[in-house]
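Heads up: the structure comes next, in structure tokens.
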Amino acid sequence: MSDAASASSPRPFEYRPPPAGPLPVIHQDDHILVLDKPSGLLTVPGNRPERADCLEARARTEFPTARIIHRLDMDTSGVIVLALTPYAQAHIGKQFEKRQTTKSYIARVWGELAEDGGEIDQPIITDWPNRPKQMICHERGRPAQTGWRILERSQGASRVQLAPRTGRSHQLRVHMAHLGHPILGDNLYAHADALAASDRLCLHAERLGFRHPDGGATVAFESNPPF
């Protein structure tokens, strides 16, 4: 068993969500609400009263029936879909469970990768003494696969597109750290230089595709990364 990569000590956690304002709505209809989640905002409430502010709570101030279907890490930005009906929640939730959705992310990572793309197949398990960190463990880890391809190399960093085949917690962050190219600004898995290279986690959910609960047509929604 081994940790995914040596990392600097995490930044002390003090929840400072971005200021409240109009919801960044990408799409809305009678069944779903697609938002462009900002970095630094929890998807659901945290385990302390001061962490009650979250995307779900903000969405319900405008859309009282909004329900969470899946999550993005607090520091990850980008496309996230909420259900506006119980049927939509169950319909799309089942697609996530059966890996029938399509997802792609954009990340900026430390170093210039030599290859143009590849597949990472490394099992992941919770690093219990160091929660919420995850780590690679070939004995007890759950299967995890990520496809990646280079978009740009520049000034000692690489811009990559990531396609998770599975949905393990922190999967993309752990897998890129395992390659020796941690995501810039990652306070859990990046070494000190990569952590200092950005004031936010450079990970953005750029595209999400699924079958719409009303009729089953395939739909996809996109958001440009802010970095």
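The values are calculated or read from the model by the stated rules, or taken from the named source; none is laboratory data. Note that the structure is a prediction, hence the values are computed from the model and not measured. So basically every Cβ, Gly included, is an ideal-geometry build from the backbone, and we count neighbours across all protein chains shown.
Some points to look at:
- Sub-7 Å Cβ pairs linking a first residue in segment 27-48 that is free of Cβ contacts under 8 Å to residues at least 40 places away in the same chain to a second residue that is of a type in the set (D, E, K, R) and part of a loop (DSSP other than H, G, I, E, B), at least 6 apart or interchain, are 43/71; 44/71, ordered by first then second residue.
- In this structure, residue 55 qualifies as within 21 Å of residue 221 (Cα to Cα), touching a residue at least 12 places away in the same chain (Cβ under 8 Å), assigned by TED's automatic domain parsing to the domain that holds residue 96 and in contact with a strand residue (DSSP E or B) (Cβ under 7 Å, 6 or more places away or on another chain).
- Of the residues making up segment 23-71, those that are in a helix (DSSP H, G or I), basic (Lys, Arg) and over 20 Å from the mean Cα position of the chain (by Cα) number 1.
- Set side by side, the residues 107, 90, 177, 114 differ, and just one is of a type outside the set (Lys, Arg) and either in a loop (DSSP other than H, G, I, E, B) or surrounded by fewer than 13 Cβ atoms within 10 Å (Cβ to Cβ) (or both), which is 114.
- Scanning segment 187-210 for residues that are of a type in the set (Asp, Glu), under 16 Å from residue 74 (Cα atoms) and free of Cβ contacts under 8 Å to residues at least 24 places away in the same chain turns up at least one hit.
- Every test in (1) assigned to a loop (DSSP other than H, G, I, E, B); (2) crowded, with 18+ Cβ neighbours inside 10 Å is passed by residue 146 save one, and that test is (1).
- The residues of segment 39-55 that are surrounded by fewer than 17 Cβ atoms within 10 Å (Cβ to Cβ) and closer than 22 Å to residue 210 by Cβ amount to a single one, 44.
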